[in-house]
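A short worksheet on the structure shown next.
The values are calculated or read from the model by the stated rules, or taken from the named source; none is laboratory data. This structure is a prediction, so every number in the text was calculated from the model and none was measured. Here the Cβ is made from the backbone with ideal geometry for all residues, glycine too, and neighbour counts use every protein chain on show.
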Amino acid sequence: MFIGIPKERKVQEYRVALTPQAVGVLVLHGHKVFVEKGAGLGSGISDSEYENAGARIVWNEKELFSKAKLIVKVKEPIAEEYPLIAENHIIFSYLHIAADKKLVQALKKSRCRAMAFETVELQDGSLPLLAPMSRIAGRLSVQVGVHFLQKSKGGKGVLLSGAAGVRNGKVTVIGGGTVGYNAVLSALGLGADVTVIDIKQDVLEYYYDKFQGRVKTLPSYPEIIEKELSESDLVVGAVLVTGAKAPKVITKKMISNMEKGSLFVDVAIDQGGCSETRRPTNHDNPIYNVNDVLHYCVTNMPSLVSETSTYSLSNAILPYVLKVADGKIDEDPSLVKGINIDNGELLINLD
């Protein structure tokens, strides 16, 4: 199969979908790989490295789309890319279509096969292609918190580790999945007081046992969420419903009761966000203010650490890219679940 790896065009998106090492594997399997000029530069990968791996460098995205059938991207196509998508294409990337009606319409109109990394699902319910970026985003959520809680950045001026004779910072994580777990690890590592809120009792029991009571665990009731937010310095929204819009578990009232200069990081923003006060931002303008509470709702957080993210993502997706390129999608039920739109038809529930 002819495989295309375009340069990402989302604001400050420095990742690339596949590394030269992964390209080399695809070439060894008899596939032809086209890489857009400069696609890997944001992750420290030169065009010559791709050429040495057996790829052919093409000068622009239009040429790449015209030559390749399987397009492997990191992020969803943006508006300027819609006209390039044709019926013969397979688009394989993070799509997050529940949060983007225009993208849904464009993909349906093109009649392409659109496959989303985030809905490839194993029999045990795990999401192998979402997990690597969720881990990184979870860890980054606390790193971002440390940065924007500084007084010079508009935050309340709290050090999450605290100091001798001074309280530790308080971090509340809503959602105990992969993002939440990694946010907890980072926050605990810094010495913060950490609370996890989740709707599932078994998740709360896991955290209680895993961290031997060092993490406070609470059920997801509105009154509990409101109380914990009012006492928190950093709140991480980590709610996920596979393929669907994230439920709005944080209300405007809850946000208004938080202390001035507190920070809310919505990692669920790719799927529409989990707060009534959310709106997507980018790395150029990552922060906005609602009732004196800072909001960080960047839709491509892992791009902040593009080199780490690129290699982690490429390692995870390569076996699945190989199956798609080899025409074996129907042989893998997890890959079939990855098909969001095909031949003009929407195949997943977005609500």
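So if I check each of LEU294, LEU313, LEU304, which one is assigned to a strand (DSSP E or B) and under 20 Å from ARG139 (Cα atoms)? Let's see the steps before the verdict.
Numbers: LEU313 fails: assigned to a strand (DSSP E or B); LEU304 fails: assigned to a strand (DSSP E or B).
Answer to the check: LEU294.
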Please specify each residue of the range 296-351 satisfying the condition of being touching a helix residue (DSSP H, G or I) at 6+ places or on another chain (Cβ under 7 Å), more than 28 Å from GLY40 (Cβ to Cβ) and of a type in the set (D, E, K, R).
-> ASP330, LYS337
The one condition in (1) surrounded by 18 or more Cβ atoms within 10 Å (Cβ to Cβ); (2) under 26 Å from the mean Cα position of the chain (by Cα); (3) farther than 28 Å from PRO83 by Cβ that ALA53 fails to fulfil = (2)
For LEU64, work out the one condition from (1) in contact with a Pro (Cβ under 6 Å, 6 or more places away or on another chain); (2) among the aliphatic types (A, V, I, L, M); (3) not assigned by TED's automatic domain parsing to the domain that holds GLU8 it doesn't fulfil.
-> (3)
How many residues, within the range 65-98, are among the hydrophobic types (A, V, I, L, M, F, W, C), touching a Lys or Arg at 6+ places or on another chain (Cβ under 9 Å) and buried (at least 20 other Cβ atoms within 10 Å of the Cβ)?
-> 7
Can you name every residue in the range 316-332 that is in a helix (DSSP H, G or I), of a type outside the set (D, E, K, R) and over 28 Å from GLY273 (Cα atoms)?
-> LEU318, PRO319, VAL321, LEU322, VAL324, ALA325, ILE329
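Which one of GLY125, GLY157 is at positive phi, at pLDDT below 95 and not assigned by TED's automatic domain parsing to the domain that holds VAL74? Even if it seems obvious, please write down each step before you answer.
Details: GLY157 fails: at pLDDT below 95.
Going through GLY125, GLY157 in turn, the sole match is GLY125.
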Which condition number does ASN285 fail, the rest of (1) in a loop (DSSP other than H, G, I, E, B); (2) surrounded by 19 or more Cβ atoms within 10 Å (Cβ to Cβ); (3) of a type in the set (S, T, N, Q) being met?
-> (2)
For the range 20-44, what are the residues that are crowded, with 23+ Cβ neighbours inside 10 Å, in contact (Cβ under 8 Å) with a residue 60 or more places away in the chain and assigned to a loop (DSSP other than H, G, I, E, B)?
-> GLY40
Looking at (1) touching a helix residue (DSSP H, G or I) at 6+ places or on another chain (Cβ under 9 Å); (2) closer than 20 Å to LEU313 by Cα, find the lone condition where ILE57 falls short.
-> (2)
